Amino acid sequence: MTTSVEYSGVQELHKVLLSNYSKIITPRINQSNLVTVDVNFYLNSVIDFDVISGIMSFSGSFILYWMDEIIRMKWESSGLSNIAYTRLRFHDVWIPTISLRNQANTDSLCQLASTAGSVSSTVTYYQNGWAMLACTSVLKTTCHTDVTFYPMDTHKCNVTVIAGSLIHDIKLQTTMSTILTDYVYSNSEWSISSNVRNSSDSPAPGVDFIIILSRKPTFLLINLLFPVMVITILNGLSFLVPIESGERLSFGTSLLLMLVVFLTTVLDILPSTNNSLSVFNIFVLSQFIYSCSLAFGIIITFYFHFRCGDTEVPKILQKLATVILKKENKTMLKTKEKLQYDIRKDEKANCKNENEIKLNKGHSGDKLENTLSNITWKDVAKALDRLLQYLTACNVAIMIISAITLGIFISLQ
């Protein structure tokens with residue numbers, strides 16, 4: 001059954017509570033005792049987060065609880081026990097001085113309104129002496145940024161609440177394990193999670209409300225990563241164009257210029273921080289080097305293919321060509337075995353003495369040496385072409401495996 005409370009009774013209670021009350025002295029009968037302040041944080045929304053500057057703008061509500069022994073003692077002696085709670089203007093009573101250690105725009109945790117009827121400008125007191133102050137604010141804090149795994153990066157923003165006075169007359173604590181995010185407005189760019197810890201062992205004891213921001217990567221992966229992969233794969237397909245047509249070089253250089261133009265357009269999107277180099281930056285740089293290597297390889301292939309045949313091929317290029325061109329190596333091996341078989345046959349059938357045998361072996365060896373060294377500049381160009389094809393196949397396989405792994409990782413989140 002509800003007990004009726006008259007207006008005059010509440011007025012009388014306010015006179016009793018504020019009589020000889022000091023808003024400067026801590027509300028403790030024994031002034032050596034600290035005032036324990038419980039801090040709860042309700043996140044409303046993450047308005048903006050700048051990765052480059054490391055500043056997060058957010059809207060949230062801080063609920064502060066503390067025991068006011070002076071109010072409790074006066075309430076008990078007033079005889080007005082039928083009143084369960086009342087509100088007093090915040091500038092008429094003692095309130096804890098609290099601030100944010102990593103603030104970016106204001107030292108005050110509570111942006112108090114000027115009107116007395118506002119919830120944020122009054123303190124609610126209960127009959128047992130407990131006081132409650134609610135502060136709804138739009139604040140900016142500094143964050144630690146890490147773009148190593150951009151565009152799948154995760155950042156931690158600490159909202160560290162500390163005592164605003166150099167005299168340690170209050171003790172901050174919280175019973176929360178996570179920030180209350182039941183009514184958080186979703187952010188189009190970031191997924192929000194949280195953690196809470198008491199930093200009592202730090203030089204400035206307080207409470208750390210940790211907001212964890214994980215980027216939603218789907219948009220950036222589709223518009224940044226996928227085009228780079230398509231351009232580099234098409235660049236590798238330039239080796240399917242016949243070298244005799246003369247269009248391979250123009251096709252490769254056109255794709256290289258396309259990649260350069262695309263990278264200049266997305267340069268403004270990439271976070272340019274000095275803390276760390278992102279994996280995506282390394283990937284883009286590697287694909288740019290790969291495309292440049294293909295263009296350079298195409299030019300060298302053209303040079304070798306159309307070089308005059310009267311110039312002798314260096315020995316080292318002959319050896320490289322025989323190693324890369326496996327089919328030709330097998331043909332040469334069969335030729336060698338056939339020549340050796342002919343030598344043994346000639347020894348049995350036609351050779352009359354040892355001098356004739358040695359002479360036949362010498363002629364056969366010269367024939368074998370001439371066959372193995374019959375590498376032209378077109379063969380060198382073909383070997384280089386084959387080497388670049390192997391490089392392209394490896395690059396495409398790595399990108400496909402990475403894309404599948406990335407897709408599985410995103411689906412599991």
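The values are calculated or read from the model by the stated rules, or taken from the named source; none is laboratory data. None of these values were measured; they are calculated from a predicted model. Because the Cβ atoms are built from the backbone with ideal geometry, glycine has one as well, and the counts that use them run over all protein chains shown. The area values use the complete protein model at the heavy-atom level, side chains included, leaving out ligands, DNA and RNA. Shrake-Rupley method; radii C 1.70, N 1.55, O 1.52, S 1.80 Å.
Sorted by average packing, counted as other Cβ atoms within 10 angstrom per residue and highest first, what order do 41-51, 388-398 take?
Top of the packing list down: 41-51, 388-398.
Here the simple spin-label model places points 7 Å from the Cα toward Cβ, and for Met258 and Ile282 these points are separated by 2.8 nm.
According to a simple spin-label model (label point 7 Å from Cα along Cα-to-Cβ), what is the distance in nm between Ile299 and Ile24? Between Ile24 and Ile299, the label points sit 8.0 nm apart.
Quick one: of Lys319/Lys378; Lys15/Lys171; Lys74/Lys171; Lys315/Lys382; Lys140/Lys216, which pairs are farther than 18 Å apart, Cα to Cα? Don't skip to the end; give the middle numbers.
Details: Lys319/Lys378 14 Å; Lys15/Lys171 29 Å; Lys74/Lys171 24 Å; Lys315/Lys382 16 Å; Lys140/Lys216 22 Å.
Too far apart for the 18 Å limit: Lys15/Lys171; Lys74/Lys171; Lys140/Lys216.
Taking packing as the residue-averaged number of other Cβ atoms within 10 angstrom, the listed peptides 212-219, 242-249 run from highest to lowest as 212-219, 242-249. Stretching Val5 away from Ser32 to a fully extended chain increases their span by 6.1 nm, per 0.36 nm per residue minus the current alpha-carbon distance. Label separation (Trp130 vs Gln173): 1.4 nm, computed from points 7 Å beyond Cα along the C-beta direction. Solvent-accessible area assigned to carbon and sulfur over the stretch 130-278 amounts to 62 percent, based on a 1.4 Å probe.
Taking the charge dipole of the stretch 1-73 about its Cα centre, with +1 at Lys and Arg Cβ atoms and -1 at Asp and Glu Cβ atoms, the residue from Phe41, Leu17, Gly60 reaching farthest to the positive side is Leu17. Subtracting the Cα-Cα distance of Asp92 and Glu244 from their residue separation scaled by 0.36 nm leaves 45.5 nm.
Less than 5 angstrom separates the built amide H of Val5 from none of the residues sequence-distant by 5 or more or on a different chain.
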